[in-house]
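Colleague: Just dropping this structure here.
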Amino acid sequence: QVQLVESGGGLVQAGGSLRLSCAASGRTFSGYAMGWFLQAPGKQREFVATIHGSGAYTAYAGSVKGRFTISRDNAKYTVDLQMNSLRPEETAVYYCAARASPSHNSNPKEYDYWGQGTQVTVSS
């Protein structure tokens, strides 16, 4: 069992930055790929970024590439999402997720554990 707790959400103006953090507890953290997903009201959950269990490989949704950076600290059991140049359409609840495999993946159905989410609101 893995427990995930996100933090760092809030209100920011368009063009601003936020850093989300996810603290994990449970089994060996490096054995899990981690992902960030967002869900806007009335919409399906969408992929944002993912990172391999080793931290060596990452992947991003096309819309955030070059603006967002995912990173992890396997000693501290944390995964972060640095978000720059935020846009109003990125207003959503952001979720941290863990996959019971070190191989990173963009499909939310491949993830086994989810945090409770943190709200990000980008004002125009």
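The values are calculated or read from the model by the stated rules, or taken from the named source; none is laboratory data. This one's a predicted model, so the numbers in the text were calculated from it and none came from an experiment. Quick note on the areas: whole protein, heavy atoms, side chains included, nothing else; ligands and nucleic acids left out. Shrake-Rupley method; radii C 1.70, N 1.55, O 1.52, S 1.80 Å.
Colleague: What does the extension gain come out to for residue 82 and residue 100, with contour length at 0.36 nm per residue minus their alpha carbon separation? Let's see the in-between values first.
Modeller: On the way: separation 18, 0.36 × 18 = 6.48 nm, distance 2.36 nm.
Full extension from residue 82 to residue 100 adds 4.1 nm.
Colleague: Additional query: Setting aside same-chain residues fewer than 8 positions from residue 65, which aspartates and glutamates have a Cα under 18 Å from its Cα?
Modeller: Reachable aspartates and glutamates: 46, 80, 89, 90.
Colleague: Could you compute how much accessible surface residue 73 exposes when probed at 1.4 Å, giving the result in Å² to the nearest 10?
Modeller: About 50 Å², rounded to the nearest 10.
Colleague: Mind checking which aspartates and glutamates have their Cα closer than 19 Å to the Cα of residue 76? Skip sequence neighbours fewer than 8 apart in that chain.
Modeller: Within reach: 6.
Colleague: Could you rank 36, 114 by how accessible they are, 1.4 Å probe, largest area first? List each step's numbers first, then the result.
Modeller: Details: 36 0, 114 80 Å².
Ranked list, largest accessible area first: 114, 36.
Colleague: If the cut-off is 18 Å between C-alpha atoms, which lysines fall inside it for residue 43, apart from same-chain ones fewer than 8 positions away?
Modeller: Within the straight-line cut-off, residue 43 pairs with 109.
Colleague: Which residue fluctuates the most in the chain, going by a Gaussian network model with Cα springs under 10 Å, if the choices are 60, 95, 113?
Modeller: Answer for the Gaussian network model of the chain: 113.
Colleague: Where the centroid of each part is defined by its Cα atoms, how far is the range 34-64 from the range 94-119 in Å?
Modeller: The range 34-64 and the range 94-119 have Cα centres separated by 8 Å.
Colleague: Please report the relative contact order for the chain, taking Cα pairs under 8 Å with a sequence separation of at least 6, and give it as a percent rounded to a whole number.
Modeller: Details: 330 pairs, mean separation 45.4, N = 124.
Computed over the chain, the figure is 37 percent.
Colleague: Given contacts defined as C-alpha pairs under 8 Å and at least six residues apart, what's the relative contact order of the range 11-73, whole-number percent? Kindly include the intermediate steps, with their values, before the conclusion.
Modeller: Working: 61 pairs, mean separation 14.0, N = 63.
Computed over the range 11-73, the figure is 22 percent.
Colleague: Taking only protein heavy atoms and a 1.4 Å probe, what accessible area per residue, in Å², does the range 4-124 have with all protein chains in place?
Modeller: 48
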